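Read the structure below first, then the notes.
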Amino acid sequence: MHDLVAPIRRHMLRRRRAFVAKEGVVAGDGMVDLRPRLAPRLTSVLDILRADALAEIKSMVAGVRPDFSLTELEMLPPVPGGEKILCIGVNYAKRDTELEAAGGNTEAKYPSMFFKPPNTMVAHNQPILRPPESEQLEYEGEIALVIGKTGRRIPKDRALEHVAGITMCNEGTIRDWIRHGRFNVTQGKCWDSTGSIGPWMTTDVDLTNPLHITCKINGEVTQDDTTDHMIFGFIDILSYVSTFMTLKPGDIIATGTPVKLGPKSETPTWLKPGDVLEIEVPEIGVLRNSVVMES
């Protein structure tokens, strides 16, 4: 298990006292600062991905003591500045019962998709905002792929070569705004700071093995599933999406959320101010956020 958890984890951090953006590799409870070791050639995680420099950095930091404790640092999203965030909808078989009236999704030929702008996602330990316009703030814990290599029409047998690493996200939704228009979901998916992403990007994970994702609200498990139950797997998603658009370093693909646990209710329980949301994948860590009212 340590071989999966301990390899290099790259992410953007910011020192609380100096408010200086840094790039680093997590080492235990600390961070190896990459900025003095790479600047001026590479000055961001996006630069590192575009230069295909992950192997170089792995060798560079081997055995190096951390420069900072993680307690000194404030997280930023794993790859600031990426071009696009793509989301796959209803992609776990156990969720299919939610769509039975509409014909289900397990027999779908292609994934359902939508975009989210980067400003919808806050970083690890930053507050998620519930807007005053709606009480229906919904969470969706997901595993997200971080693209590391440009590709178009990627064959399935080469798809995973284009993945730099994985992270986690809460693909936050304002549920009663999903159908403000007759046929679209954009209005409910694009509220500022209603989702989250992080805490970092983990590399060297074998994506051909199943990953286990859980979600907790105030300590209570509310989602618990594995990627074995995905309708469209990572390889299928990457190959399909790259058919009609070029995937670029720093792009994020959120791969779908498992079914919510517990009995179905006509009046769902929404996130409210004071709630603490925790999403966990053992190979990555824990993404934690509290909920506050947007002022």
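Observations, loosely collected:
- Counting only protein heavy atoms and a 1.4 Å probe, the chain has 47 square angstrom of accessible area per residue.
- Most fluctuating residue given options VAL122, VAL25, VAL185, as computed from a GNM of the chain linking Cα atoms under 10 Å: VAL185
- If you model region 132-178 as an ellipsoid using its alpha carbon gyration tensor, with each semi-axis the square root of five times an eigenvalue, the axes come out at 33, 11, 8 Å, biggest first.
- Here the Kirkwood formula puts the hydrodynamic radius of the chain at 19.6 Å, using every distinct Cα pair.
- Filter on LYS116/LYS248; LYS22/LYS272; LYS58/LYS149 - keep pairs with C-alpha separation over 23 Å: LYS22/LYS272
- Calculated FRET efficiency for the pair ASP224/SER290, C-beta based, R₀ 25 Å, to 0.05: 0.70
- By accessible area, using a 1.4 Å probe on protein heavy atoms only, the chain has 52% of its surface on carbon and sulfur.
- Label-point gap, in nm, between ARG182 and ARG41 - each point 7 angstrom along Cα→Cβ: 5.7
- Seen from all directions on average, region 151-295 presents a Cα convex hull projection of 10.3 nm².
- Cα pair distances of region 168-247 binned at 10 Å [whole percent]: 14, 29, 44, 12, 0
- Degrees, to the nearest 10: 234-244 long Cα axis against longest axis of the chain: 90
- Take ARG37: with every protein chain present and a 1.4 Å probe, its accessible area is about 90 Å².
- Phi-derived couplings, Karplus 6.51 cos²θ - 1.76 cosθ + 1.60 at θ = phi - 60°, listed residue by residue for region 165-180: x, 10, 9, 10, 8, 9, 8, x, 9, 9, 5, 7, 9, 4, 10, 4 Hz, with x used for Gly and Pro.
- Relative contact order %, region 137-200, counting alpha carbon pairs below 8 Å whose residues are six or more apart: 35
- Note on the chain: GNM, Cα springs under 10 Å; of ILE143, ILE235, ILE279, the largest mean-square fluctuation is that of ILE235.
- With θ taken as phi - 60° and the Karplus curve 6.51 cos²θ - 1.76 cosθ + 1.60 applied, the whole-hertz 3J(HN,Hα) list for region 75-80 is 6, 10, x, x, 9, x Hz, x standing for glycine and proline.
- Our analysis of region 129-207 gives Rg over Rh at 1.10, with the two radii drawn from alpha carbon positions and Rh computed by the Kirkwood formula.
- For region 140-149, Karplus couplings with θ = phi - 60° (6.51, -1.76, 1.60), whole Hz, Gly/Pro x: 8, x, 9, 8, 10, 8, 10, 6, x, 9
The values are calculated or read from the model by the stated rules, or taken from the named source; none is laboratory data. Quick caveat, the model's predicted, so the values are computed rather than measured. In this analysis, Cβ positions are derived from the backbone assuming ideal geometry, glycine residues included, and neighbour counts consider all displayed protein chains. SASA here: full protein model, heavy atoms, side chains in, ligands and nucleic acids out. Shrake-Rupley method; radii C 1.70, N 1.55, O 1.52, S 1.80 Å.
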